[in-house]
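Working notes for the structure below.
The values are calculated or read from the model by the stated rules, or taken from the named source; none is laboratory data. The structure presented is a predicted model; accordingly, all values stated were derived computationally and were not measured. Here the Cβ is made from the backbone with ideal geometry for all residues, glycine too, and neighbour counts use every protein chain on show. Quick note on the areas: whole protein, heavy atoms, side chains included, nothing else; ligands and nucleic acids left out. Shrake-Rupley method; radii C 1.70, N 1.55, O 1.52, S 1.80 Å.
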Amino acid sequence: MYASDAQWCTSYGGMRLSLPTAQQLYDAPFNFGNYRPEEIGCVSRTAGRICPNNTRNKRYLRTDAQWMSDVQFDLLWGYPDRYIKSNSKRKERAVNHILAWWLEVGWQQQATPGWGAPPSTRPLNFDFVVRRGHLAKVLITPHVQNGWKLAVTLFRGTYFLLEVMDDEELSEAGHRINYTGHKFEQYMTSDGPGQAPNPSQVLDINESFYSLVKASLKSHSLLLCAEVDSEDPLVRHLKAPACYVELKTSPLRGEPGNVSSIKKLRWWAQSFLEGVPRILVGFKWDERTVVKCKMFDVTSRGLTQSTPTCAETRDFWKPAVCFNFLEAFLSFVEEVVTEDNYAVVYVFSWNPGEDVRYHVKRGQEHCFLLPEYVQYLMTPYH
């Protein structure tokens, strides 16, 4: 029995009003072999401009990265004089990257055989379109204590998802944390394969590279967009996203490789959803200094190390529970979001100890799709 069974959910007139999140309801086998993300496009973003199918901002991992151990990286070098803050709002960083790509080249790709329903009935031929990070928060729900809100609108046969968060200006502490994470990427990556990193460059948060992947989760087709930290030039022969490496930092506690279970869960969720197979972690002696590096493999069992430490953290979470819950959530969305209208937004929310619930907002002011995309999707398909 699964959580989608009606007896576990509050319902009204046959329509479910909530979705339970208890771990035991989703503790069943999951076939990870059928979840195979495949890159179908990319986007570069430069100073507010979105450039579809452009790799100009792709970064390449330094060739000695996997053999590095003892280092001395100052993550606050250049702050704040050589730091350009983000100039876009959260809404603009959401599904609009994906739609910009689709308007330029994506519609041509889905005209090829194997994309399913005729384009005339569904211009963007996916069930769900969402940023990877937004879906990752839903994925780990049964194991965490951090709530979330997700706006969903059904338009022209596709569900568009956007995390609901305030667009507040970061505090000084928030900017420092944001800078240190990106600074580690500067130390570990370069502009071209085999080139040396140049950490003295100005750090512009607006320079980014995104991968667009398609994937299937049981009966649900997904189009995901995720920021890519680096490509490993030593495995460029592997088809993306298998050649990508995520970059993270973490406090050094005892042996390098000891990472809190909750942090490993969040890292795993982000990378596994997008199909990124490895995470390189820089361990910090203090707020600003990375002194050790360690590579983790992203697998269906969680995060593993090629050379595990004797004090490796025992994880409390199960990948199968996460994916069974995500599949149940997507089915829940399909069941309750029935009005195909860009100006109707269903807001799903979850707080620890409660079920996932939703309410409906109507009106143009709640629409999160940009007007130019709405207009294009409403026109006859070419």
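Residue under question is K137, and the condition is that it be over 20 Å from V276 (Cβ atoms), open to solvent by 20 Å² or more (accessible area, probe 1.4 Å) and within 16 Å of the chain's Cα centre (by Cα); does it hold?
The answer is no for K137.
State whether one or more residues within the range 287-299 are open to solvent by less than 30 Å² (accessible area, probe 1.4 Å), in contact with a Pro (Cβ under 6 Å, 6 or more places away or on another chain), at pLDDT 90 or above and under 30 Å from H220 (Cβ atoms).
yes
Just to check your reading of the model, which residue among T141, T153, T112, T63 is modelled with pLDDT of 85 or more and farther than 30 Å from A343 by Cβ?
T63
Restricting the range 202-228 to residues that are among the β-branched types (V, I, T) and over 14 Å from S271 (Cα atoms), which is least open to solvent (accessible area, probe 1.4 Å)?
Within the range 202-228, the match that is least open to solvent (accessible area, probe 1.4 Å) is I205.
Which pairs do you get when a residue that is small (G, A, S), found in the range 265-284, comes within reach of a residue that is at pLDDT 95 or above and not in a strand (DSSP E or B), reach meaning Cβ atoms under 6 angstrom, with the pair 6+ apart or on two chains?
A269/A136; A269/L139; A269/I140; G275/P37; G275/P241; G282/F184
Residue check: is Y179 open to solvent by less than 20 Å² (accessible area, probe 1.4 Å) and within 20 Å of the chain's Cα centre (by Cα)?
Yes.
Taking the range 146-169, which residues are in contact (Cβ under 8 Å) with a residue 60 or more places away in the chain and part of a loop (DSSP other than H, G, I, E, B)?
Listed by number, the residues that qualify are N146, G147, R156, G157, V164, M165, D167.
Sort through K263, K239 and tell me the only one that's surrounded by fewer than 19 Cβ atoms within 10 Å (Cβ to Cβ) and within 15 Å of K214 (Cα to Cα).
Selected residue: K239, the only one of K263, K239 that is surrounded by fewer than 19 Cβ atoms within 10 Å (Cβ to Cβ) and within 15 Å of K214 (Cα to Cα).
Does any residue in the range 42-70 that is without any contact (Cβ under 8 Å) to a residue 12 or more places away in the chain come within less than 6 Å, Cβ to Cβ, of a residue that is open to solvent by less than 20 Å² (accessible area, probe 1.4 Å) six or more places away or on a different chain, and which pairs are these?
C51/S44
Give the number of residues within the range 158-176 that are open to solvent by 30 Å² or more (accessible area, probe 1.4 Å) and either in contact with a strand residue (DSSP E or B) (Cβ under 8 Å, 6 or more places away or on another chain) or basic (K, R) (or both).
3
For the range 264-382, give me every one of the strands (runs of 3 or more DSSP E) that falls completely inside it and has 1 or more residues that are on the phi > 0 side of the Ramachandran plot.
Result: 302-305.
Is the range 16-28 home to any residue that is modelled with pLDDT under 95 and crowded, with 18+ Cβ neighbours inside 10 Å?
Yes.
Just for the range 261-286: of the residues that are more than 26 Å from P37 (Cβ to Cβ) and not hydrophobic (A, V, I, L, M, F, W, C), which one is modelled with the highest pLDDT?
K284
Can you tell me which of V337, V360 is in contact with a strand residue (DSSP E or B) (Cβ under 8 Å, 6 or more places away or on another chain), surrounded by 12 or more Cβ atoms within 10 Å (Cβ to Cβ), farther than 14 Å from F160 by Cβ and of a type in the set (A, V, I, L, M)?
Checking each option against the conditions leaves just V360.
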